[in-house]
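Here the structure is laid out as structure tokens; the discussion comes afterwards.
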Amino acid sequence: MGAMKRAHFITATGTDLGKTWLTAGVAGVCAARGVAVRALKPVMSGFDEAQPQTSDAGVLLEKLGGSGTAAEVARISPWRFAAPLSPDRAAALEGRSIDFAALVDWCRGEIERNPGLLLIEGIGGVMVPLDARHTVREWLAALGIPVVLVAGTYLGALSHTLTALAALREAGVVPAAVVLNESAGSTASLEDGAASLSPHLGRIPLIILRRDDAAGLEALADFLTKGIQ
């Protein structure tokens, strides 16, 4: 059987939940296994042109052997904005806007021409505004590729996760998996979070990621590359 290709969209219930760490980690695991893998971060805010290597895209590139130069970052992250705000507002501060159709077309082109595994990391949470009419939800729905939803274990995370799932379902999107990523300093345990969340997921797989535990990343890599040679 010839090599297969697959793309996944990595989104989250909110910001700072470990999307970049997870995406980079899985990409690194896959690369070490000899799986053809690329990672994209099409939209970024809070981007410092003087230090492209420290950006989310720079982190992804470093994990895959890149140097994180400005040119390399631009290739995997065409929509970059300086202000650490939602992308619609960060763009507006620069007199710019995100052309939603162009964003979707660019991603579709990358999906079509990419061999092996392609990981597309979103920005912020599911309902982060991209412009006056579109959010991340509309972006991932337009692409129609499997979605991985990253959630945390901080107090309030369960409500945020179920709200994100409801928003996705409203758009006809059922995640391929929910990843419960242990939040730093959380008063709630992974076990408690999983026990509360699982009954609400139906057949959606729940993957557990403990902090500083490589086993979870290995398990997620197994899940995402199933069927890829």
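The values are calculated or read from the model by the stated rules, or taken from the named source; none is laboratory data. Every value quoted in this text rests on a predicted model; they were computed, and no experiment measured them. For neighbour counting, all protein chains shown are included, and Cβ atoms are generated from backbone atoms with ideal geometry for every residue, glycine included. Remember, those area values only see protein heavy atoms, side chains included, never the ligands or the DNA or RNA. Shrake-Rupley method; radii C 1.70, N 1.55, O 1.52, S 1.80 Å.
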### Message
Looking at V43, V26, V37, can you tell me which residue is of a type in the set (A, V, I, L, M, F, W, C), in contact with a strand residue (DSSP E or B) (Cβ under 7 Å, 6 or more places away or on another chain) and over 16 Å from L217 (Cβ atoms)?
### Response
V43
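Would you confirm, using the coordinates I've provided, whether V173 is part of a strand (DSSP E or B), in contact (Cβ under 8 Å) with a residue 12 or more places away in the chain and open to solvent by less than 70 Å² (accessible area, probe 1.4 Å)?
When the stated conditions are applied, V173 does not pass them.
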### Task
Sort out which residues of segment 138-163 are hydrophobic (A, V, I, L, M, F, W, C), open to solvent by 10 Å² or more (accessible area, probe 1.4 Å) and touching a residue at least 60 places away in the same chain (Cβ under 8 Å), and write them in order of number.
L143, I145
### Task
Can you run down the residue pairs with Cβ atoms below 6 Å, 6 or more apart or on separate chains, where the first is in segment 106-117 and touching a residue at least 40 places away in the same chain (Cβ under 8 Å) and the partner is small (G, A, S)?
I111/A7; P115/A36; G116/A36
### Query
Just one of S86, S77 is without any contact (Cβ under 8 Å) to a residue 60 or more places away in the chain, in contact with a Phe, Trp or Tyr (Cβ under 9 Å, 6 or more places away or on another chain), of a type in the set (S, T, Y) and surrounded by 14 or more Cβ atoms within 10 Å (Cβ to Cβ); which is it?
S77
### Summary
If you go through G144, G193, the only one that is out of contact with any Phe, Trp or Tyr (no Cβ under 7 Å at 6 or more places or on another chain) and at positive phi is G144
### Task
Kindly indicate whether any position in segment 96-119 is assigned to a loop (DSSP other than H, G, I, E, B), in contact with a helix residue (DSSP H, G or I) (Cβ under 6 Å, 6 or more places away or on another chain) and within 30 Å of A31 (Cα to Cα).
no
### Task
Please go through segment 193-213 and pick out each residue that is open to solvent by 30 Å² or more (accessible area, probe 1.4 Å) and free of Cβ contacts under 8 Å to residues at least 24 places away in the same chain.
A195, S198, P199, G202, R203, D212, D213
### Task
Identify all residues within segment 43-57 that are closer than 17 Å to L85 by Cβ and either open to solvent by less than 30 Å² (accessible area, probe 1.4 Å) or not charged (D, E, K, R) (or both); write none if there are none.
V43, M44, S45, G46, F47, S55
### Summary
Sole miss for M127 among (1) open to solvent by 40 Å² or more (accessible area, probe 1.4 Å); (2) in a helix (DSSP H, G or I); (3) in contact (Cβ under 8 Å) with a residue 24 or more places away in the chain is condition (2)
### Query
For the subset of segment 9-38 comprising residues that are open to solvent by less than 10 Å² (accessible area, probe 1.4 Å) and either part of a strand (DSSP E or B) or β-branched (V, I, T) (or both), which member is farthest from N114 (Cα to Cα)?
A12
